[in-house]
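Notes follow once the structure below has been shown.
The values are calculated or read from the model by the stated rules, or taken from the named source; none is laboratory data. Remember, predicted model here, so these are calculated numbers, not experimental data. Please note: Cβ atoms are built from the backbone with ideal geometry, for glycine as well, and neighbour counts cover all protein chains shown.
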Amino acid sequence: MKKILIIIVLAQFLCTSLWFAGNAILPELIQQLGVSNDFLAHSTSAIQLGFILGTLIYALLAIADRFSPSLVFFISALLAAIFNLGVNLPGLTPALLLSVRFLTGFFLAGIYPIGIKIAADYYQEGLGKSLGYLVGALVLGTAFPHFIKSFTLDLPWQYVAYATSLFSVIGGLLLYILVPDGPFRSKGTSFTLTTIFDAFENKELTAAAIGYFGHMWELYAFWTFVPLMIQNYYKNHPEFNANFSLLSFYIIAIGSIACILSGYFSKKVGTKKLSKIILTVSAICCLLSPLFLEIGSEILFLTFLFFWSFAVIADSPLFSTLIAQEAPQDSKGSIITIVNSVGFLVTIVSIQLISYFVTANNAVYLFMVLAVGPVIGLFYLNKKSIQHS
């Protein structure tokens, strides 16, 4: 069983490297396409929107519950890899770039939530620890294109897409060949809107989902704008030097350790209790961000970003665990997928909001608005706790 988890984690890491592949090379794409810097938000939103539509279709067709999840994972990884290569097409236009990022996101819907479904089919006991590793792999995969970019500075930027697409194919193959359907898999046959409404009559599931939505409001906006925070800081403090791509990788990647640790501690502290603590900490980071994003000390600036990155993702496996545990057994894959879909819809709103209002003058203050999501999540989680007391 331990070998199965290692393979799922490795496959998830390799395949989710597609997620921010476009972001890592966006400065080069912006220069080639002749678009403005706010294209960063549009590119990120395109892949998020594709993921949302993908998750809706995967859920409504009950793909993860009707067919072998490992097969679904492999086919999705292959198709996502193909569309990821679209950023290297000759004669690339802004519309074409957004289209291929959208389609990459669409098939990522068969990777991230399906990976959670596969883990839940294998691990009912200790699911939180298992998902800690799984979401940690997502974080590392998300950060990895920045790492590739930092070490291919002397190579054409197209190599980032080549590498991440190759990783996705390898990850999909590994999981399909080495991970059969789990012992706790319950094969479903259909999924309707009624199934969704029936499932969310469970108030524990509803509270966990809203907590997750609040967490997502902050998470992807933070990940999207970390490079901007770094660039702005070093522009305003030219006495310091840094490799922006490598620094972005380290800051985002530290979240993988946070996920693993929260998975371990969830059994001791309690999954729901720990998720509320972490959500509170990340909200505080949002509110304190103006203080640290313009601080004169480089060490304090970087320490704060590392700590914020640690807190912003640590509750993700906890919410995934709560949702997987509360979802009906015969529609677990579809419920996880539909909750993911709504969560990523929330990310588009926060990313576009920040992008629309951000200027050189207000950049350090604007990220305070990211605290809104965690605060709403905490309200509903605490409201549910009060009703049970």
### Message
Taking the condition of being under 16 Å from F20 (Cα atoms) and either aromatic (F, W, Y) or without any contact (Cβ under 8 Å) to a residue 60 or more places away in the chain (or both), how many residues in the range 131-150 meet it?
### Response
2
### Query
In the range 240-272, what residues are within 19 Å of T224 (Cα to Cα) and not in a helix (DSSP H, G or I)?
A242, N243
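Let's see how each residue does on (1) of a type outside the set (K, R); (2) modelled with pLDDT under 90; (3) under 24 Å from P145 (Cα atoms):
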position	(1), (2), (3)
F244	yes, yes, yes
F249	yes, no, yes
K268	no, yes, no
S282	yes, no, no
### Message
Can you find, within the range 132-182, the residue that is surrounded by the most Cβ atoms within 10 Å (Cβ to Cβ) among those that are of a type in the set (D, E, K, R) and outside any helix (DSSP H, G or I)?
### Response
D181
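With a cut-off of at least 1 residues that are of a type in the set (K, R) and in contact with a Gly (Cβ under 7 Å, 6 or more places away or on another chain), name the helices (runs of 4 or more DSSP H) lying wholly within the range 1-80.
On the way: elements: 2-16, 21-24, 26-33, 39-60, 63-66.
Of the helices (runs of 4 or more DSSP H) lying wholly inside the range 1-80, those with at least 1 residues that are of a type in the set (K, R) and in contact with a Gly (Cβ under 7 Å, 6 or more places away or on another chain) span 63-66.
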### Message
So I338 passes all but one of these: (1) surrounded by 15 or more Cβ atoms within 10 Å (Cβ to Cβ); (2) at pLDDT 95 or above. Which condition number does it fail?
### Response
(2)
### Query
In the range 212-223, is there at least one residue being closer than 19 Å to W308 by Cβ and either out of contact with any helix residue (DSSP H, G or I) (no Cβ under 7 Å at 6 or more places or on another chain) or surrounded by fewer than 22 Cβ atoms within 10 Å (Cβ to Cβ) (or both)?
no
### Query
How many residues are of a type outside the set (V, I, T) and out of contact with any Pro (no Cβ under 9 Å at 6 or more places or on another chain) when one looks only at the range 14-26?
2
### Query
Considering the range 58-116 alone, what residues qualify as being surrounded by 18 or more Cβ atoms within 10 Å (Cβ to Cβ) and on the phi > 0 side of the Ramachandran plot?
A62
### Query
Restricting the first residue to the range 62-77 and requiring it to be in contact (Cβ under 8 Å) with a residue 12 or more places away in the chain and farther than 15 Å from I7 by Cβ, which pairs with a second residue that is of a type in the set (F, W, Y) and surrounded by 24 or more Cβ atoms within 10 Å (Cβ to Cβ) meet a Cβ separation below 7 Å and a spacing of at least six or different chains?
A62/F191; A64/Y58; D65/F191; S76/F107
### Message
Can you say whether I116 is modelled with pLDDT under 90, among the aliphatic types (A, V, I, L, M) and in a helix (DSSP H, G or I), as far as the supplied structure shows?
### Response
yes
### Summary
Just one listed residue, out of V358, V312, V364, V369, is of a type in the set (A, V, I, L, M, F, W, C), at pLDDT 95 or above and surrounded by fewer than 24 Cβ atoms within 10 Å (Cβ to Cβ), and it is V369
### Summary
Exactly one of S309, S275 is under 21 Å from N232 (Cα atoms), in a helix (DSSP H, G or I) and within 17 Å of the chain's Cα centre (by Cα), and that residue is S309
### Query
Here are some residues: P317, P290. Which one is in contact with a helix residue (DSSP H, G or I) (Cβ under 8 Å, 6 or more places away or on another chain), part of a helix (DSSP H, G or I) and modelled with pLDDT under 95?
P317
